[in-house]
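Step one of this worksheet: look at the structure below.
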Amino acid sequence: MKKDILHTIQDNMPRFSKGQKRIAAYILSDYDKAAFMTASKLGSLVGVSESTVVRFAALLGYDGYPAMQKTLQEMVRSKLTSIQRIQASNDRLFSSDVVASVLQTDMEKIRMAIEEIDRNMFGAVVDKLIAAQHIYILGVRSSSFLAGYLHFYLHLIFENVTLVTSNSAGDILESILRIGPGDVLVGISFPRYSKSTVKGVQFAHDRGADVVAITDSEISPLYPLASAVLLARSDMISFVDSLVAPFSLLNALIVAAGHRKDADISQIFNRLEGIWDEYGVFGYSDES
């Protein structure tokens with residue numbers, strides 16, 4: 001999130017009511033905590049009613065308190081430590097059914113992805129993959145599972161696909177040393193954004209490669225370095241990153257690329273089925 005909300009609060013402080021000033025003062029001093037509070041809890045903490053908090057959000061130009069809360073969350077998401085994540089999510093998770101709460105949050109992220117994905121941008125990413133001389137896929141820490149998943153399928157569709165497996169910035173740069181014009185680097189990163197990934201993406205950008213960023217928002221450090229960006233919300237569920245929406249987005253990307261290479265895919269899997277049968281890769285032997 002951008003700093004605008006804090007500036008807006010500061011600029012409007014003189015015209016706030018006494019209760020609104022208490023809300024404003026708390027947000028200015030502890031916006032990282034306020035971002036994960038309900039309107040009721042924030043109001044209780046500063047000594048005003050829930051409706052006063054809701055009216056405060058409207059006064060700042062938001063459609064409602066959730067919109068203001070989302071703006072604050074965007075501001076702090078990339079900065080929270082694991083301990084802060086746990087503290088921020090405890091009230092939300094453990095005040096109700098944990099299973100239902102987590103699954104509901106995941107479903108909400110997929111719903112948001114459906115509504116927010118730029119279809120033209122999605123098509124442009126597929127075009128870039130189809131046209132690429134070489135595709136590099138980079139994601140570290142929890143994003144390494146997304147990168148590995150994407151690589152597993154893209155290497156069946158395309159001939160020249162490299163998964164960058166190191167977490168070290170130096171090793172990453174060595175792995176993409178030959179990247180250049182005509183190549184595509186798919187950089188995957190979500191809060192807390194890895195500096196190693198950012199450095200790898202910066203290197204690819206500086207060498208003239210096309211950068212496709214898979215990330216969560218326009219404040220991501222990958223965003224200004226990419227020629228194409230696909231956004232999917234991740235969410236902090238205690239110390240765990242919810243990557244359901246990014247995984248679903250990658251599924252869509254793989255399916256779209258495979259559809260464009262339909263004839264090649266059919267030939268590849270015909271060959272694979274023959275190899276699997278010949279070497280008994282799947283199923284159980286009668287002798288076992």
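Worth pointing out:
- When Met68, Met107, Met13 are compared by accessible surface with a 1.4 Å probe, the order from highest to lowest is Met107, Met13, Met68.
- Cross-link pairs exceeding 21 Å in C-alpha to C-alpha distance, out of Lys199/Lys261; Lys33/Lys70; Lys109/Lys195; Lys18/Lys41; Lys70/Lys128; Lys41/Lys109, comprise Lys199/Lys261; Lys109/Lys195; Lys70/Lys128; Lys41/Lys109.
- Range of Cα positions in the chain per principal axis (Å), largest first: 77, 51, 34
- Once both labels are positioned 7 Å from their Cα atoms along Cα-to-Cβ, the gap between Ser166 and Gln10 label points is 4.2 nm.
- Cβ-Cβ FRET estimate between Tyr26 and Phe269, R0 fixed at 45 Å, reported to 0.05: 0.15
- Within the range 1-70, trypsin sites (Lys or Arg not before Pro) in DSSP loop having at most 15 other beta-carbon neighbours inside 10 Å: Lys2, Lys3
- Segment Gln104-Ser17, extension gain: residue separation times 0.36 nm, minus the distance between their alpha carbons: 27.6 nm
- For the set Leu253, Leu177, solvent exposure ranked by accessible area (probe 1.4 Å, protein chains only) runs largest to smallest as Leu177, Leu253.
- Stretch gain in nm, segment His155-Arg111, where the contour uses 0.36 nm per residue and the Cα spacing is subtracted: 13.0 nm
- Taking the Kirkwood radius as Rh and the Cα radius of gyration as Rg, the range 149-288 has a ratio of Rg/Rh equal to 1.05.
- Rolling a 1.4 Å probe over the heavy atoms of the protein chains gives the range 102-185 an accessible area of 53 Å² per residue.
- Taking the accessible area of the chain, probe 1.4 Å, and keeping the other protein chains in place, the carbon and sulfur fraction comes to 53%.
- Here the spin labels are modelled as points 7 Å beyond Cα on the Cα-Cβ line, and at Asp97 and Trp276 they lie 3.6 nm apart.
- With a cut-off of 13 Å between beta carbons, the residues surrounding Phe269 carry a summed charge of -2, where Lys and Arg count +1 and Asp and Glu -1.
- If you take all other residues with their beta carbon under 12 Å from the beta carbon of Val212, and give Lys and Arg +1 and Asp and Glu -1, the sum is -2.
- Separation in nanometres of the label points that stand 7 Å from Cα toward Cβ, at Ile219 and Ser248: 2.4
The values are calculated or read from the model by the stated rules, or taken from the named source; none is laboratory data. Since the model is a prediction, treat every value here as computed from it, not as a measurement. Every residue, glycine as well, gets a Cβ built from its backbone with ideal geometry; the counts of neighbours run over all protein chains shown. Please note that ligands, DNA and RNA were not included when accessible areas were found on the heavy atoms of the full protein model with its side chains. Shrake-Rupley method; radii C 1.70, N 1.55, O 1.52, S 1.80 Å.
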